[in-house]
Amino acid sequence: MKAATYHQYGGPEVVSIAEMPRPVPGENEVLIKVHACTVSAGDWRLRSLKVPRGFGLAVRAFAGWSRPRQPVLGGDAAGVIVEKGAGVQGWDIGDAVVAYPSAKMGGHAEYLRMPAKGILAPKPEGLSFPEAAAIPFGGLTALEFLCDKGQLKAGEKVLIVGASGAVGSAAVQLARHFGAEVTGVCSAANAALVKDLGAAKVVDYNTQDIAELAERFDIILDTTETAPWQRVRHLLTPRGRLLVVSGGLGSMVRMLFNRRVIGGVSVGSRDGLERLMALVKDGVFFPLIDRGYPFAQVARAHAHVDTGRKTGAVVLALIQ
Ligand SMILES: NC(=O)c1ccc[n+]([C@@H]2O[C@H](COP(=O)([O-])OP(=O)(O)OC[C@H]3O[C@@H](n4cnc5c(N)ncnc54)[C@H](OP(=O)(O)O)[C@@H]3O)[C@@H](O)[C@H]2O)c1
């Protein structure tokens, strides 16, 4: 099979298409023919080793000290089950699914092997494969941070910093759906988009320092490493929480003794993915897609993600 592989850390040019053996599903696994996947901020970080300050050694220990241990990136995929192990129940060959291998990666390939009980959900009819692939990375992260970690309640005021990115665009939609009043922070070019997603107000970070906002928030969700506690604490209500989706070691250390600073890595869950699919079916959540590339142009897709300015997800199409 064809897979996008990398064997050294670096820029988009370290990724290229190569031939690899087609995986064979184990007894409790399914094999998915991948139709679409995304190049996410997670792929960018694992490829480039550009990680928040203080995390370089930890990421090398996880991903491989001098070279990547897993040569195929891709934490999500949408496709069709083409083989299954003898012990698999509940999935059939021909089922269209969305999969989230997450940190195990492997989605940037023609075939992806997944545990049948892994983070896998039926693809809703009416949603294309590229649209389905664009859901898990941003959607699961936003859901986990807002609902599980942040315990968002209806009526709360939420500030989302990085509101036009994959995580932020999902967070705006979900927070609004769960009854919050949302203010999004993004550049002026994306203001109308973020309002369309459900933000009541939009702040342009180029002309307004968020630290000087007069409003107070119950939750600040930061995807950009620009809202550390010491900079935004005065914007929080007395029980307000700072959700650090992206932050340096300083924020992680602060979490140890300040329960209102909440961070960590989102691992995703099957429940969460099923919940997102139900919201898609109900018409209250839709993945934002910046643009798509054919699989052969995977390095170009990485280069666009590297700008840090994408709006939503960047999709790779394996089957046009
Ligand atoms: N903790 C976890 O488990 C977890 C999970 C997923 C992602 N992450 C991290 O979360 C971060 C965001 O991921 P993503 O996929 O959403 O990234 P993304 O899609 O690349 O989003 C970047 C967005 O940030 C906006 N932006 C840039 N600088 C900004 C600023 N100073 N203020 C406000 N907005 C700004 C850009 O909007 P404009 O173009 O309008 O400037 C762009 O839309 C990444 O660092 C990723 O590693 C963490």
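Here is how the numbers come out for the structure above:
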{"item": "Distant-in-sequence amide H partners of Asp95 (H built 1.01 Å from N, under 5 Å)", "result": "Ile81"}
{"item": "Helix-only mean residue ellipticity at 222 nm for the chain, each DSSP H run of n ≥ 4 adding -39500 (n - 2.57), per residue, nearest 500", "result": "-7000 deg cm²/dmol"}
{"item": "Beta bridges per DSSP with both ends in the chain, % antiparallel, nearest 5", "result": "50"}
{"item": "Per-selection Kirkwood Rh - the chain (Cα, Å, 1 d.p.)", "result": "19.9"}
{"item": "Convex hull volume per residue in cubic angstrom - Cα atoms of region 1-61", "result": "130"}
{"item": "5 angstrom amide H check on Tyr293, placed H, neighbours 5+ away", "result": "Val315, Leu316, Ala317"}
{"item": "Cα gyration tensor of region 159-215 - equivalent ellipsoid semi-axes, whole Å, descending", "result": "17, 12, 9"}
{"item": "Residue pairs, from the table Lys33/Lys281; Lys50/Lys123; Lys50/Lys117; Lys117/Lys149; Lys50/Lys310; Lys50/Lys157, whose Cα atoms sit over 26 Å apart", "result": "Lys50/Lys123; Lys50/Lys117; Lys50/Lys157"}
{"item": "Segments 290-296, 42-48, 242-248, 275-281 sorted - mean Cβ within 10 Å per residue, highest first", "result": "242-248, 42-48, 275-281, 290-296"}
{"item": "Dipole magnitude (debye, nearest 20) for the chain, charges at Cβ of Lys, Arg, Asp, Glu", "result": "860"}
{"item": "Local electrostatic count, Leu288, Cβ distance below 14 Å [Lys/Arg +1, Asp/Glu -1]", "result": "+2"}
{"item": "Helical segments meeting 18 Å axial Cα length and Kyte-Doolittle 1.6 threshold in the chain (DSSP H)", "result": "none"}
{"item": "Value in Å of the Kirkwood radius, where region 214-303 supplies the Cα pairs that are averaged", "result": "16.0"}
{"item": "Largest-first ordering by accessible area, 1.4 Å probe, given options Arg300, Arg254", "result": "Arg300, Arg254"}
{"item": "Arg309/Glu27 FRET efficiency (R0 56 Å; Cβ-Cβ; nearest 0.05)", "result": "0.80"}
{"item": "Among 122-129, 19-26, the order from most to least packed when residues are scored by Cβ within 10 Å on average", "result": "122-129, 19-26"}
{"item": "Kirkwood-Stokes translational diffusion coefficient of region 137-262, alpha-carbon pairs, 4 °C, 1.567 mPa s, µm²/s", "result": "93"}
{"item": "Whether region 27-181 is rounded, prolate or oblate, judged on the alpha carbon gyration tensor where a/c under 1.5 counts as rounded", "result": "oblate"}
{"item": "Environment charge of Gly268, counting only residues whose C-beta is closer than 10 Å and scoring Lys/Arg +1, Asp/Glu -1", "result": "-2"}
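The values are calculated or read from the model by the stated rules, or taken from the named source; none is laboratory data. Computed from a predicted structure; not experimentally measured. Quick reminder, even Gly has a Cβ in these numbers, built from the backbone with ideal geometry, and neighbours come from all protein chains shown. Each accessible area value is taken on the protein alone, full model and side chains, heavy atoms only, with ligands, DNA and RNA left out. Shrake-Rupley method; radii C 1.70, N 1.55, O 1.52, S 1.80 Å.
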